[in-house]
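K.L.:
Here it is: the structure, laid out below.
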Amino acid sequence: MAFRLSGGLALALCAMAGTLQAQPRITQAADADACKQALIVAKLAFESSAPKLSDAAPLILIDKLATGILLAPDGANGEDASFVVDETTIERVKTGGVVKEMFLQSAAADGFRFVVTQQKMNWQGDWYGLYLADAALDAGKLADLLAPEKVEAAKIVFDRAWQRPWLVRDPATRQVVGIDTQHPAGFLDDWIVYKTSSGTVTPACHIAFRPPAEEVSVLLPAGPLRDLVALLDQIVGVPSRDEGTLQPTARIRIAAAQAWANAALRPWAMAAPYNSASEVERGLKAWSRRSPVFAAQYRRMHDLYPRARAALTTHYRRTLKKPPAEAAVLAKQALDRAVGAHFVFPKGS
């Protein structure tokens, strides 16, 4: 069953209980007016079914909404990752050098324009950069000037980063802003919106999607839910001595944090994990037989699960104004998917 946020539920976000605040919202505003269109895009991303906000552009554009999006990630990951592009406003140039592709804002503002670069990194994916560059420089000259370790004639917003920037234009003012969605390993991190003026680029605001929190468990009600988060992290355990560049334990923890953040604030956007709930149960049962410590953790998890599910049901009734039966169904799905994000068991085990 798919869960999407209706207009009524979007309004309900403004009445979140406890420490939760209305999401998303402008913070650290140096120029809130410059952030208006970015906030519209952020709200659509938050309400979409994309597990990661930075991947929401294709879902938003499918609905043919007036988003003002000129450039945004296409939702793909790894080496296939690229952008969705408004080709009437963005010039796409394949350079073939160290910087393999560039995206240039067609219309200059005060003689400058945003430039986005895509640079080959490794099997995990490409690196990206966002710059403000002199509009008088052609694409060939820019490709050379923006090469890594040699950035000249451009103001760096960020470079050699895993995240792909967004460019958004306000249809009323025609102002274009750049958006840094921050490192993809974060959980519902702020978007930083950059504006340009007289050849300079500065932060206009942040767009926050959650309350400040160093640990994802803070987004959840205290009690069995937070206890379950802590227990599952213990079960994941410490990394082995050499996990190579894949770093599976770190990746599991990143996926788990992102799943819990969505479970807390946007459960309609939780992706199904690699294993089904029944496969996770079989895998954990077999794992529990390997030591008394594992067996105790397994029993503790089963003790916490029904209480955590009840707490999450109450959470959805209060924060999303869900009827009891619907909240219970949503809580079971969200909890199973959050638990499943911690494990990868061989299929058929």
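The values are calculated or read from the model by the stated rules, or taken from the named source; none is laboratory data. Small disclaimer: the values here were computed from a predicted structure and weren't measured. As a convention, Cβ positions derive from the backbone with ideal geometry for all residues, glycine included, and neighbour counts pool all protein chains shown.
Residues checked against (1) under 25 Å from L44 (Cβ atoms); (2) touching a strand residue (DSSP E or B) at 6+ places or on another chain (Cβ under 9 Å); (3) not in a loop (DSSP other than H, G, I, E, B):
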{"site": "K285", "(1), (2), (3)": "no, no, yes"}
{"site": "Y298", "(1), (2), (3)": "no, no, yes"}
{"site": "R337", "(1), (2), (3)": "yes, no, yes"}
{"site": "V344", "(1), (2), (3)": "no, no, no"}
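K.L.:
Which pairs have Cβ atoms under 7 Å, sit 6 or more apart or on different chains, and link a residue in the range 143-165 that is under 18 Å from S82 (Cβ atoms) to one that is in a loop (DSSP other than H, G, I, E, B) and at pLDDT 90 or above?
P.N.:
Pairs that qualify, where the first residue is under 18 Å from S82 (Cβ atoms) and the partner is in a loop (DSSP other than H, G, I, E, B) and at pLDDT 90 or above, are W162/H183; W162/P184; Q163/T181; Q163/Q182; Q163/H183; Q163/P184.
K.L.:
Then there's this: Got at least one residue in the range 309-330 being at pLDDT 95 or above, under 16 Å from A272 (Cβ atoms), touching a helix residue (DSSP H, G or I) at 6+ places or on another chain (Cβ under 6 Å) and of a type in the set (A, V, I, L, M, F, W, C)?
P.N.:
Looking through the range 309-330, at least one residue is at pLDDT 95 or above, under 16 Å from A272 (Cβ atoms), touching a helix residue (DSSP H, G or I) at 6+ places or on another chain (Cβ under 6 Å) and of a type in the set (A, V, I, L, M, F, W, C).
K.L.:
If you check L225 against the conditions, is it in contact (Cβ under 8 Å) with a residue 24 or more places away in the chain, outside the structural domain of Q105 (by TED's automatic domain parsing) and out of contact with any Lys or Arg (no Cβ under 7 Å at 6 or more places or on another chain)?
P.N.:
Answer is yes for this residue.
K.L.:
Restricting the search to the range 176-219, which residues are closer than 11 Å to A34 by Cβ, at pLDDT 95 or above and surrounded by fewer than 20 Cβ atoms within 10 Å (Cβ to Cβ)?
P.N.:
Within the range 176-219, T202, P203 meet the criteria.
K.L.:
Continuing with this model, one more query. Among the residues of the range 114-142, which ones are over 26 Å from the mean Cα position of the chain (by Cα) and either of a type in the set (D, E, K, R) or part of a strand (DSSP E or B) (or both)?
P.N.:
If the condition is that a residue be over 26 Å from the mean Cα position of the chain (by Cα) and either of a type in the set (D, E, K, R) or part of a strand (DSSP E or B) (or both), then A133, D134, D138, K141 are the ones that fit.
K.L.:
Every residue in the range 155-177 that is of a type in the set (F, W, Y) and touching a Leu at 6+ places or on another chain (Cβ under 9 Å), please.
P.N.:
F158, W166
Conditions tested, residue by residue: (1) under 24 Å from A208 (Cβ atoms); (2) crowded, with 22+ Cβ neighbours inside 10 Å; (3) among the aromatic types (F, W, Y); (4) in contact with a helix residue (DSSP H, G or I) (Cβ under 7 Å, 6 or more places away or on another chain).
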| residue | (1), (2), (3), (4) |
| --- | --- |
| P51 | yes, no, no, yes |
| I60 | yes, no, no, yes |
| G78 | no, no, no, no |
| A81 | no, no, no, no |
| V84 | no, no, no, yes |
| T95 | no, no, no, yes |
| S106 | no, no, no, no |
| W127 | no, no, yes, no |
